[in-house]
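Participant: Sending over a structure as structure tokens; questions will come in a sec.
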Amino acid sequence: MRILLITSSYNGLCQRTHIELVSRGHEVSITLAISAEVMEHSVELFQPDLIICPFLKERVPETIWQKHLCIIIHPGIKGDRGPSSLDWAITDKLTEWGVTALEAADEMDAGDIWATATFKMRKVAKASLYRHEVTGTAIKVILEMLEKFISKSFSPEKLDYSKPDVTGTLRPLMKQPDRKINWETDTVDIIMRKINAADSFPGVLDTIGGEEFYLFGVHKEDNLRGWKPGEIIAKRHGAICRAAVDGAIWISHLKRKKIEGQSFLTRITSRNKPDYKLPATLILGVASLKDVPESPIDLLYMDKAETFKEIWYEEKNQVGYLHFNFHNGAMSTEQCQRLRLAYSEAKKRATKVIVLMGGTDFWSNGVHLNMIEVAKNAADESWRNINAIDDVVLEIINTPNQLVISAVYGSAGAGGVMMTLAADKVFARAGVMMNPHYKTMGLYGSEYWTYLLPRRVGIGRAIELTDIPVPIGMQKAKAIGLIDDTLPEEWDDYLAELSQRAEALANSADFAQQLQAKNELRNKDEALKPLSAYRAAELKRMKMNFYPSFYGGDHSYHEARYNFVHKIRPKETAAYLAKHLQLNTANFQELRKPLNY
Ligand code: COA
């Protein structure tokens, strides 16, 4: 079947929809909803049997949905309508929420219903719910809707609020006054819910030191306390801890409110103040936090108390689990340095297996593009950051006394994917999306990928994976050897199976032989071509990306990073996604074959 995806961005849900549909043999093309004309032109060229909009903030023009079945994936239960579904569901403390597939119609979210499913709410940030529960349920709903469409015998249900199972309602856009924190009265629980409901976008607008900022990344604090609610009482690794009426919370990231339409003087004085998401202490500045005490934390944090922690460690039955949950999976120079030290500490412990857990939303997305963007010299910071992440990868490769597992529950991108491959085994949750390429960021790539990727998938596949910047699903990743096996979707099942596999490895009768074989292979590889040679060759190419004027490269990395960090929308859909655009070319039949994922 020919399916066109119309989407606001090629986000995680759209990536997963794309992969799932292609793996079922459908011919899929994608268009960004840049304008009504672009959408109409895409439909005209592709002549789809079906249109699915997995993530759409814009309206589909009537000219499209009048002629084609056009399914909107709405992150809400039956009857729910409006642009802030998840925000309200979190705010209202609902225990169950859902995803519904409905036809595009005149009234937003009021079209006929094709499929719906529910999920249990977790007390987490909106983006985390979206990346896990919403995405998983949306795929279920899309596949069910597709089956009904193929059967040709299904009649979709009209939205009828008198039916007992239609429990949703039309909710307005949630605005900043709805989200406002009242520090004098709001408890930790309420503050956390408010920040979680606005996570990723738009954030909760708040005033700190007379300036307005959006707050992101909230964490509970069990021990620190302050007298004045809202007061900053501690800082740690970029985050600030603020007192609340009944405890304290950490806020890891801030985004300065854009100065628009204000006086000339205000705009001039705020010119060099970045207005994208950054660690809170960096945004507030050293001077304004000079009296705020640093709150240290163990390198390998093993305590159970809740606090802001990016790296922590657990150990059981000779298996060490190293968690590194960096916000958005982005790893700055300093975070990489800390992770390398933590990993080398973990290596010194009497374990047989080390499991690299990453974070639950993202395992890793490579170097920290926002921190590079904000640096005085972006090229120099890129260089420091790439070397720091390379050092982490090197530390993992050189683990002679333990077997190492990468356990990928959150998705991974670019250098983050290559880093997973430094382990001896790679297990991933079945629904993970990996983006094992650097092309969209205009980079050649490092993280020893020229050693790690071909040794798993062969040279041909390595070139294919890095050349066409599309994600890979775990079914295909396993088939081509990028990962060793998949793990269950549900967190508890995932953890149970992961620890069972890790402990089985630690207790395997041939553990010593496995370790010896790994070390022998490493020595053989090193004799053939030392890791330093791989790194030097990669970094030589990266210098061209970072310092194009000195080393004869182009400026695409600096442009791509700027656009990514400032969230500048692409002007057109990338050619490798928009198959319909290729249909104009001479080799018509050849190009219409589905891409072989
Ligand atoms: N540095 C800084 N921020 C990053 C990041 C990075 N390397 N990778 C992702 N993010 C941020 C995004 O800006 C976004 O922030 P927000 O939600 O707080 O606004 C968030 O993480 C989620 O990323 P998003 O792009 O929305 O997720 P996705 O699932 O649609 O796509 C990727 C995932 C990996 C394809 C995409 O995030 C990406 O291309 N990241 C950059 C990877 C890279 O080039 N790394 C550098 C080379 S090693």
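Participant: Can you tell me which of (1) assigned to a helix (DSSP H, G or I); (2) in contact (Cβ under 8 Å) with a residue 60 or more places away in the chain is the one residue 407 doesn't meet?
Facilitator: Unmet for residue 407, out of (1) assigned to a helix (DSSP H, G or I); (2) in contact (Cβ under 8 Å) with a residue 60 or more places away in the chain: (1).
Participant: In region 429-438, how many are of a type outside the set (A, V, I, L, M, F, W, C) and more than 9 Å from the ligand (Cβ to nearest atom)?
Facilitator: Summing the residues that are of a type outside the set (A, V, I, L, M, F, W, C) and more than 9 Å from the ligand (Cβ to nearest atom) in region 429-438 gives 3.
Participant: Moving on. Right, residue 45: under 17 Å from residue 6 (Cβ atoms) and touching a strand residue (DSSP E or B) at 6+ places or on another chain (Cβ under 6 Å) or not?
Facilitator: no
Participant: Quick check on region 360-417: of everything there that is aromatic (Phe, Trp, Tyr) and closer than 25 Å to residue 563 by Cα, which residue is farthest from the ligand (Cβ to nearest atom)?
Facilitator: The extreme case among them is 383.
Participant: Only one of 210, 203 is within 16 Å of the ligand (Cβ to nearest atom) and under 26 Å from residue 289 (Cα atoms); which? Quick ask: steps written out before the conclusion?
Facilitator: Working: 210 fails: within 16 Å of the ligand (Cβ to nearest atom).
Among 210, 203, only 203 is within 16 Å of the ligand (Cβ to nearest atom) and under 26 Å from residue 289 (Cα atoms).
Participant: Filter region 441-456 down to the residues that are near the ligand (Cβ under 9 Å from one of its atoms) and under 23 Å from residue 23 (Cα atoms) and list them by number.
Facilitator: Those that are near the ligand (Cβ under 9 Å from one of its atoms) and under 23 Å from residue 23 (Cα atoms): none in region 441-456.
Participant: Continuing with the same structure: Is it true that some residue in region 329-343 is more than 16 Å from the chain's Cα centre (by Cα), of a type in the set (Asp, Glu) and more than 9 Å from the ligand (Cβ to nearest atom)?
Facilitator: Yes: region 329-343 contains one or more residues that are more than 16 Å from the chain's Cα centre (by Cα), of a type in the set (Asp, Glu) and more than 9 Å from the ligand (Cβ to nearest atom).
Participant: Show the residue pairs meeting these rules: Cβ distance below 6 Å; 6+ apart or different chains; first residue within region 189-203 and farther than 15 Å from residue 242 by Cβ and touching a residue at least 40 places away in the same chain (Cβ under 8 Å); second residue basic (Lys, Arg) and more than 16 Å from the ligand (Cβ to nearest atom).
Facilitator: From residues that are farther than 15 Å from residue 242 by Cβ and touching a residue at least 40 places away in the same chain (Cβ under 8 Å), the pairs are 198/179.
Participant: When residues of region 557-573 are filtered for being closer than 25 Å to residue 450 by Cβ and within 12 Å of the ligand (Cβ to nearest atom), how many remain?
Facilitator: Residues that pass the stated criteria total 4.
Participant: Another one. Which residue is nearest to residue 410 (Cα to Cα), if the candidates are limited to region 1-15 and must be outside any loop (DSSP other than H, G, I, E, B) and within 9 Å of the ligand (Cβ to nearest atom)?
Facilitator: Filtering region 1-15 for residues that are outside any loop (DSSP other than H, G, I, E, B) and within 9 Å of the ligand (Cβ to nearest atom), the one nearest to residue 410 (Cα to Cα) comes out as 12.
Participant: Right, next: Just one of (1) without any contact (Cβ under 8 Å) to a residue 24 or more places away in the chain; (2) touching a Cys at 6+ places or on another chain (Cβ under 7 Å) trips up residue 290, so point out which.
Facilitator: (2)
Participant: Against the conditions (1) part of a loop (DSSP other than H, G, I, E, B); (2) free of Cβ contacts under 8 Å to residues at least 60 places away in the same chain, where does residue 322 fall short? Just the number, please.
Facilitator: Result: residue 322 passes all but (1).
Participant: Here is a further query. Count, please, the residues in region 326-369 that happen to be of a type in the set (Phe, Trp, Tyr) and either farther than 30 Å from residue 13 by Cβ or assigned to a loop (DSSP other than H, G, I, E, B) (or both).
Facilitator: 2
Participant: With the structure loaded, tell me whether residue 306 is more than 25 Å from residue 439 (Cβ to Cβ), surrounded by fewer than 16 Cβ atoms within 10 Å (Cβ to Cβ), modelled with pLDDT of 95 or more and within 27 Å of the chain's Cα centre (by Cα) or whether it fails that test.
Facilitator: yes
Participant: Every residue in region 520-578 that is acidic (Asp, Glu) and crowded, with 17+ Cβ neighbours inside 10 Å, please.
Facilitator: Of everything in region 520-578, just one residue is acidic (Asp, Glu) and crowded, with 17+ Cβ neighbours inside 10 Å, namely 538.
Participant: Ok, one more. Consider residue 109 against the criteria (1) at pLDDT 95 or above; (2) crowded, with 16+ Cβ neighbours inside 10 Å; (3) more than 23 Å from residue 580 (Cα to Cα): it satisfies all of them except one. Which criterion is unmet?
Facilitator: (1)
Yes/no matrix, rows are residues, columns are (1) over 30 Å from residue 569 (Cα atoms); (2) assigned to a loop (DSSP other than H, G, I, E, B):
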position	(1), (2)
386	no, no
447	no, yes
453	yes, no
459	yes, no
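The values are calculated or read from the model by the stated rules, or taken from the named source; none is laboratory data. From a predicted model like this one, the values you see are computed outputs, not experimental measurements. Here the Cβ is made from the backbone with ideal geometry for all residues, glycine too, and neighbour counts use every protein chain on show.
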